[in-house]
1. Looking only at the stretch 60-87, filter to residues that are of a type in the set (Gly, Ala, Ser) and either modelled with pLDDT under 80 or more than 17 Å from TYR47 (Cα to Cα) (or both); which one of those is surrounded by the most Cβ atoms within 10 Å (Cβ to Cβ)?
2. Among the residues that make up the stretch 25-38, is at least one of them among the small types (Gly, Ala, Ser) and in contact (Cβ under 8 Å) with a residue 60 or more places away in the chain?
3. Name the single residue, out of those in the stretch 20-38 being exposed (fewer than 15 other Cβ atoms within 10 Å of the Cβ) and among the polar types (S, T, N, Q), that is farthest from VAL56 (Cα to Cα).
4. Pairs only if they're at least six apart or on different chains, beta carbon under 9 angstrom, first in the stretch 197-224 and over 22 Å from SER150 (Cα atoms) and in contact (Cβ under 8 Å) with a residue 40 or more places away in the chain, second open to solvent by 50 Å² or more (accessible area, probe 1.4 Å) and among the small types (Gly, Ala, Ser); list them, first residue then second.
5. For PHE93, only one of the following conditions fails: (1) of a type outside the set (S, T, N, Q); (2) at pLDDT 90 or above; (3) in a helix (DSSP H, G or I). What is its number?
6. Among what's in the stretch 148-177 and is under 14 Å from LEU200 (Cβ atoms) and polar (S, T, N, Q), pick the residue that is least open to solvent (accessible area, probe 1.4 Å).
7. So, in the stretch 2-19, exactly how many residues are under 20 Å from ILE66 (Cα atoms), of a type outside the set (Ser, Thr, Tyr) and open to solvent by 20 Å² or more (accessible area, probe 1.4 Å)?
8. Search the stretch 124-180 for residues being within 30 Å of THR3 (Cα to Cα) and of a type in the set (D, E, K, R), and hand back the single one that is modelled with the highest pLDDT.
Amino acid sequence: MATMITSDCINCGACEPECPNNAIRQGDPVYIIDPLLCTECVGFHDYEACAAVCPVDCCVTDPNNIESEQVLLERARALHPETQIGESFESRFRKGQGKAAAPQKEAAVHAASGAAVASEIVAVAQPAAIAVAEYAEPDVNYVQLPSIDSWDIPMRCFKCNETHVEPARNFMIGNVIFCPHCHKSTVVRDNLNFHIRTLLNDSYERWEKEQTAFADRREKELAQVQEKRAKEAQAFEAHQERELEKIRAQLDTIGETYDAAGKPFKKGSRFGWG
């Protein structure tokens, strides 16, 4: 699924009844969307219903789980085999190209515990879709280093004391540099060349190491966050399984111990000693 509910959720519950797939449920501490049920409303609306009704805009795109329209459409058809979702279907990927009529919501009341319950369809006009900013991992625009020889170096003439600029490539050992002001010549000695080359080489090497370390750290932190979220999801799923079993056990106990009218009971003495 490509939709998630952020921690900004205020637990108003407005989104839960709007989902055509019953993919939204109360979590701890906020509502959550089941990734196996979410279809971003493809096949039903040309907008995401949860985002349309959310008062705090916390139903947003999950940057770590982007799915195509075709994948979402196939999931919608699998979840609703009783509904004919043809080629002209509603989709936020093709806004306005689906149904011509205003969007409607259909809610069905399902049968429970073998007792037949009549289904009813309630038509509710949907509000206009609210634009939700999609989150994406920001790219780092690394500053590109120029080539070493492209640097310009200011040089003060020892004769006229004027400053002139020379390209770094001119500072080779034995090269003669002329002052454009007094035309005095200067021969580049090994100490001058050493200082310039050492400074540039060391700076470039440090630059590359820092950039590589920065990129590696970002990748590691992102992997740690994804691993943490996966563990949290697994733990929560296990918690829900335990809660489901607890509810089942409680219902079984009620059914076994219910004192129904006409139920035979063991006769005992007046004082209850058997």
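1. This residue is ALA78.
2. yes
3. ASN22
4. Pairs found: none.
5. Here PHE93 clears every test but (2).
6. Going through the qualifying residues, I end up with ASN170.
7. Number of matching residues: 3.
8. Checked the stretch 124-180; the qualifying residue modelled with the highest pLDDT is ASP139.
The values are calculated or read from the model by the stated rules, or taken from the named source; none is laboratory data. Given the structure is predicted, the values throughout are model-derived calculations rather than measurements. A quick note on method: Cβ atoms are made from the backbone with ideal geometry, for glycine too, and the neighbour counts reach across all protein chains shown. Ligands, DNA and RNA are stripped out before the accessible areas are found, and what is left, the full protein with its side chains, is counted by its heavy atoms. Shrake-Rupley method; radii C 1.70, N 1.55, O 1.52, S 1.80 Å.
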